[in-house]
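See structure below.
The values are calculated or read from the model by the stated rules, or taken from the named source; none is laboratory data. Everything numeric here is computed off the predicted structure, so don't read it as measured data. All Cβ positions, glycine included, derive from the backbone under ideal geometry; neighbour counts span all protein chains shown.
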Amino acid sequence: MKTLVPRIEQRQIGRVHVFDLYGSFTGDRSVPVIEKIDHTIQKKRLKRVILNMQEVQDLDELGARKILASLIRPQKSLVYCAGENLQQYFQSSYLPHNVKLCRNDEEVADCLGSFLFEKDKDIGLSKEQENFKNEYGLERRRKKRIRVAIPIEIEFEMKSGTKVHSKAIATNISQGGLFAEYLDLDSSLQVTQLGDLESNKVTVVVPANENFPEDVRIQGCVKRIELTKRQVGMGIQFV
């Protein structure tokens with residue numbers, strides 16, 4: 001396999017800055033890219049960051065150590081790394097107290113849920129729709145007022161009759177709907193390839209957590225799509 005040149009892309013979810021890493025982070029060639037991460041953190045005085053390692057082709061101990069060193073300044077830094085082959089390099093290195101290794105959206109939401117939450121995010125609903133009380137929805141089943149982002153699953157019902165499943169994070173929740181964003185690059189790419197999804201029927205699945213004592217399934221439809229490079233956001237109305 002051809003070694004890919006290391007590079008980064010940046011995006012924002014709530015009050016959290018996300019660095020998406022691509023390519024091979026081995027040897028000295030990755031140093032300038034890691035230094036750019038450190039420079040961005042210093043210049044913008046970032047307090048909470050996520051390094052998404054999904055698209056990293058290769059990593060060595062030097063790359064892992066330098067990546068961890070760049071994450072010391074923020075109050076909280078997460079390394080989003082699902083693959084065991086990459087995890088081993090971080091697990092064998094010293095993890096600063098403010099750095100956590102996360103394998104999935106659930107662990108990310110547990111660590112940064114309140115900072116991923118975006119109370120002013122436009123779901124795409126009218127004021128009347130925002131305040132609509134769905135007795136089978138989230139408002140009735142929750143244990144307490146939601147002020148944190150929560151991991152969810154979205155099932156898209158396609159015109160062909162097939163269903164497509166994706167994992168997302170609900171970053172704004174109202175009585176009438178929610179806004180979901182994708183940290184997972186594979187899921188965001190999958191969604192963008194589905195075509196025009198506005199008005200598409202969906203089922204939102206909320207796994208049991210501290211806010212919900214049991215799994216919740218809610219019918220909905222897509223009201224708006226927000227695309228910024230590879231960052232995908234979606235407003236969903238409960239029906």
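Residues that are charged (D, E, K, R) and closer than 18 Å to residue 90 by Cβ were ranked within segment 1-57; the one that is nearest to the chain's Cα centre (by Cα) is 20. I need the full set of residues from segment 61-91 which are farther than 16 Å from residue 36 by Cα, free of Cβ contacts under 8 Å to residues at least 60 places away in the same chain and in contact with a helix residue (DSSP H, G or I) (Cβ under 7 Å, 6 or more places away or on another chain), in order please. Hits for segment 61-91 are 61, 76, 78, 79, 81, 89, 90. Could you check, for segment 121-131, whether at least one of its residues is modelled with pLDDT of 90 or more and crowded, with 19+ Cβ neighbours inside 10 Å? The answer is no; no qualifying residue exists. Selection of first residues in segment 33-57 that are not assigned by TED's automatic domain parsing to the domain that holds residue 18 and of second residues that are of a type in the set (Asp, Glu), restricted to Cβ pairs under 9 Å at least 6 apart or on distinct chains, gives an empty result. Of the numbered criteria (1) within 26 Å of residue 50 (Cα to Cα); (2) out of contact with any Pro (no Cβ under 9 Å at 6 or more places or on another chain); (3) at pLDDT 80 or above; (4) buried (at least 16 other Cβ atoms within 10 Å of the Cβ), the one residue 151 fails is (2).
Please indicate, with yes or no, whether at least one residue in segment 78-85 is at pLDDT below 80 and under 24 Å from residue 27 (Cα atoms). Yes, segment 78-85 contains a residue that is at pLDDT below 80 and under 24 Å from residue 27 (Cα atoms).
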